[in-house]
Amino acid sequence: AEREPGVLRAQILVNERRGRVSSVEVLLLAAPGAPEGLAVRLREDLMSSTFTLSTAFQHDPGSFRVTVTDALVGNERTGKTASFVVREEP
């Protein structure tokens with residue numbers, strides 16, 4: 001995702017509920033002047049070019065999202081921002 005034109009940084013966010021993955025989201029920090037529809041196009045590209053993703057989310061395609069955001073998920077204590085984050089949902 002970070003190789004895509006218009007993407008400054010990307011982060012994979014895995015949401016879990018009771019120890020099971022409930023959704024996966026690719027968060028994107030877009031560069032100024034990033035193309036319109038960046039998230040939609042990237043999601044389509046990932047789903048069509050990655051057999052594992054298309055198979056894993058075939059029964060619930062809405063549980064895989066690509067979102068342009070203003071900020072990635074960071075660790076408040078350390079100030080670091082990881083490329084891969086697992087978050088437990090209530």
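The values are calculated or read from the model by the stated rules, or taken from the named source; none is laboratory data. Remember, it's a predicted structure, so these values are computed and weren't measured experimentally. As a convention, Cβ positions derive from the backbone with ideal geometry for all residues, glycine included, and neighbour counts pool all protein chains shown. What goes into the accessible areas is simple: the full protein's heavy atoms, side chains included, and nothing from ligands, DNA or RNA. Shrake-Rupley method; radii C 1.70, N 1.55, O 1.52, S 1.80 Å.
Say we look at region 2-32 and pick out the residues that are assigned to a loop (DSSP other than H, G, I, E, B) and open to solvent by 80 Å² or more (accessible area, probe 1.4 Å); which of these is nearest to Ser83 (Cα to Cα)?
Result: Glu2.
Of the numbered conditions (1) modelled with pLDDT of 95 or more; (2) within 16 Å of Arg3 (Cα to Cα); (3) open to solvent by less than 60 Å² (accessible area, probe 1.4 Å), Val68 fails exactly one; give the number of that condition.
All conditions pass for Val68, except number (3).
In region 33-65, which residues are open to solvent by 70 Å² or more (accessible area, probe 1.4 Å) and modelled with pLDDT of 85 or more?
Gly33, Glu36, Val40, Arg41, Glu44, Ser48, Asp60, Arg65
Filter region 33-90 down to residues that are part of a loop (DSSP other than H, G, I, E, B) and among the hydroxyl-bearing types (Ser, Thr, Tyr) and give me whichever is nearest to Arg17 (Cα to Cα).
Ser83
Which condition number in (1) among the hydrophobic types (A, V, I, L, M, F, W, C); (2) without any contact (Cβ under 8 Å) to a residue 24 or more places away in the chain; (3) in contact with an Asp or Glu (Cβ under 9 Å, 6 or more places away or on another chain); (4) under 26 Å from Pro90 (Cβ atoms) is the one that Ala56 fails?
Failing condition for Ala56: (3).
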